[in-house]
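One structure below.
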Amino acid sequence: MGVLVLDFGGQYKELIAGTVRNLSVYSEIKPGNMPVDEIKRLKPIGIILTGGPNSVYLRDAPKCDAGLFELGIPVLGICYGMQLMCHILGGEVAPGGAGEYGRVKITPSGPSELLGDGQFDALMSHRDIVTRLPEGFNITAVTDNCIAACENNIKKLYGVQFHPETKHTNGGREIIARFLYDICGAAVDYKIDNYIESQVANIKQAVGDRKVLLALSGGVDSSVCAALLSRAVPGQLTCIFVDHGCMRLNEGDQVEHIFAERELNFIRVNAQARFLSRLRGVREPELKRKIIGEEFIRVFEEEARKLGNIKLLAQGTIYPDIVESGGEYGAVIKSHHNVGGLPDNLDFEGLIEPLSGLFKDEVRVLGKKLGLPSKLVNRQPFPGPGLAIRIIGRVTKRKLDILRQADAILREELDGMRNKPSQYFAVLTDTRTVGIKGDNRTYEPVIAIRAVSTDDFMTCEYTPLSHKILARVSSRITSEILSVSRVVYDISSKPPALIEWE
């Protein structure tokens with residue numbers, strides 16, 4: 001195989017694997033405690049240890065098999081991975097006070113096979129620090145507060161406290177490339193076509209001659225999933241589109257128009273009243289997601305019984321959905337309706353998720369390879385729970401109508417931009433402010449505008465829209481929607497903020 005990524009609960013683990021694959025080297029993610037005998041059987045050319053939310057010196061902290069450091073296989077430890085490697089090999093890790101979060105200046109402090117020359121900014125996200133290195137290791141970079149990188153060239157063991165896999169680290173991709181090509185001797189031989197071939201084979205094996213029900217939202221992920229399933233098991237797929245009443249303006253009709261004309265068994269279920277009834281009075285975002293996730297499943301179960309008791313459910317789940325919903329070691333950031341929102345008592349025998357190892361940019365490439373039109377493949381993401389998680393607090397039909405109007409105005413203004421953001425939308429906040437319309441006092445909710453630029457949707461930068469565009473959007477929203485008197489612009493990046501507000 002190529003590179004083995006051992007997971008300790010870091011939210012960027014698939015971003016690491018994705019970066020490796022984007023450098024045309026095959027990668028696989030396995031649990032961090034994978035036995036060394038299994039590692040030997042896979043014969044990786046290199047091993048990467050991910051970050052994680054734990055402290056390595058605690059008794060129940062996730063650990064790796066110490067024997068992997070004696071295999072002669074190059075190892076790169078990232079954040080928690082560096083701390084774990086140093087801890088296991090006799091170094092010392094301790095709490096580091098306030099910690100370091102966000103972009104930090106990294107200063108090289110010695111010869112390095114891994115790092116480039118000169119200072120650079122890198123993403124840090126840690127509180128613990130390595131206070132003493134194991135024997136045979138040298139410090140290769142520092143910050144004002146910690147050892148930022150270390151190496152044992154003889155044993156080919158490398159550690160970085162920062163995250164080279166993110167866009168926030170200048171030259172991070174080049175650092176991983178040096179590990180792959182110069183240190184591991186990797187060949188440039190992995191292509192997305194390999195993923196298509198392997199997943200088609202996996203789907204055929206899992207499905208056999210049975211029927212499959214696909215939860216189709218009309219978004220990029222579920223559409224690509226439909227194309228992949230159609231290739232693997234033609235004639236065995238039924239696509240169910242559930243209109244839960246929280247779609248954008250006219251979106252239900254648009255989805256039906258797009259997919260009713262394709263060679264798919266497409267069924268639209270109008271369940272607006274049902275979902276709004278379940279959401280009545282609910283304010284907490286995690287509960288919203290779980291209610292929507294469960295209700296989706298109940299609708300699919302009902303439709304499956306109508307169609308002859310179909311027992312296989314397919315979803316367009318991608319990796320950011322999974323990592324943000326938590327894992328064996330990871331923290332739950334937000335439960336996605338198709339992951340953390342799924343009920344325990346599923347009336348399905350199997351769940352098919354052929355995109356669950358990919359990021360959004362890889363899904364788009366896959367969609368093009370499968371022949372989907374660019375208009376569909378390049379469509380910006382829209383969360384499964386829809387506008388329900390873009391309304392802060394309780395969800396009502398009136399709030400949905402207000403937000404639909406505001407979101408439509410924003411998209412009309414930004415859709416025609418030459419270099420438009422990766423994602424942009426409106427949020428109806430739970431904050432009310434005083435305004436004036438005509439000569440009358442108003443006291444209504446604030447609309448927030450969000451626009452971000454990103455490749456992987458695991459990190460992002462806010463898009464610096466011009467004041468001219470923002471003024472036009474604000475003027476239209478406050479003029480065309482009677483109950484809105486104030487518009488604000490969110491300039492937070494991810495991390496620390498998420499793309500969605502809830």
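Below is a table of values for the structure above.
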{"read-out": "Chain lengthening between ASN202 and SER109 when straightened (0.36 nm per residue, less Cα-Cα)", "value": "28.7 nm"}
{"read-out": "Zone residues, segment 25-39, relative to VAL188, backbone N less than 13 Å from point 7 Å out along Cα-to-Cβ", "value": "25"}
{"read-out": "Relative contact order (%) - criterion: Cα under 8 Å, at least six apart; region: the chain", "value": "11"}
{"read-out": "Packing-based ranking, highest mean first, of 160-169, 191-200 given that Cβ atoms within 10 Å are counted", "value": "160-169, 191-200"}
{"read-out": "Per DSSP, loop GluC sites (Glu not before Pro) in segment 56-115 with at most 14 further Cβ within 10 Å", "value": "GLU113"}
{"read-out": "Cα-projected label distance for ARG231 with ILE436, points at 7 Å along beta-carbon direction, nm", "value": "6.2"}
{"read-out": "Computed [θ] at 222 nm, helices only, for the chain once each DSSP H run of length n ≥ 4 contributes -39500 (n - 2.57)", "value": "-9000 deg cm²/dmol"}
{"read-out": "Share, in percent, of DSSP beta bridges within the chain that are antiparallel, nearest 5", "value": "50"}
{"read-out": "Ranked packing of 307-316, 375-384, most packed first, by mean Cβ within 10 Å", "value": "307-316, 375-384"}
{"read-out": "Rounded, prolate or oblate (a/c below 1.5 giving rounded, otherwise prolate when a/b exceeds b/c) for segment 348-388 by Cα gyration tensor", "value": "oblate"}
{"read-out": "Cα gyration tensor, segment 428-470 - rounded (a/c under 1.5), prolate or oblate", "value": "oblate"}
{"read-out": "Theoretical gain in end-to-end length, LEU58 to ALA273 [0.36 nm per residue, Cα-Cα removed]", "value": "72.5 nm"}
{"read-out": "ASP144-GLU349 FRET efficiency (beta carbon distance; Förster radius 45 Å; 0.05 resolution)", "value": "0.20"}
{"read-out": "DSSP-defined antiparallel bridges as percent of all bridges, segment 3-183, nearest 5", "value": "55"}
{"read-out": "Cα gyration tensor shape of segment 3-183, rounded if a/c is under 1.5, else prolate or oblate by comparing a/b with b/c", "value": "rounded"}
{"read-out": "Span-like helix ranges in the chain, DSSP H, alpha carbon extent 15 angstrom or more, Kyte mean at least -0.5", "value": "192-207, 220-232, 467-480"}
{"read-out": "Cβ-Cβ FRET estimate between ARG298 and MET417, R0 fixed at 56 Å, reported to 0.05", "value": "0.90"}
{"read-out": "Extended-chain gain in nm, criterion 0.36 nm per residue less alpha-carbon gap, TYR181 and GLU263", "value": "25.1 nm"}
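The numbers here are math on the coordinates, done by the rules we state, and not lab data. All figures in this text were calculated on a predicted structure; none of them were measured in a lab. Note that each Cβ is placed from the backbone with ideal geometry, even for glycine, and that neighbours are counted across all protein chains shown.
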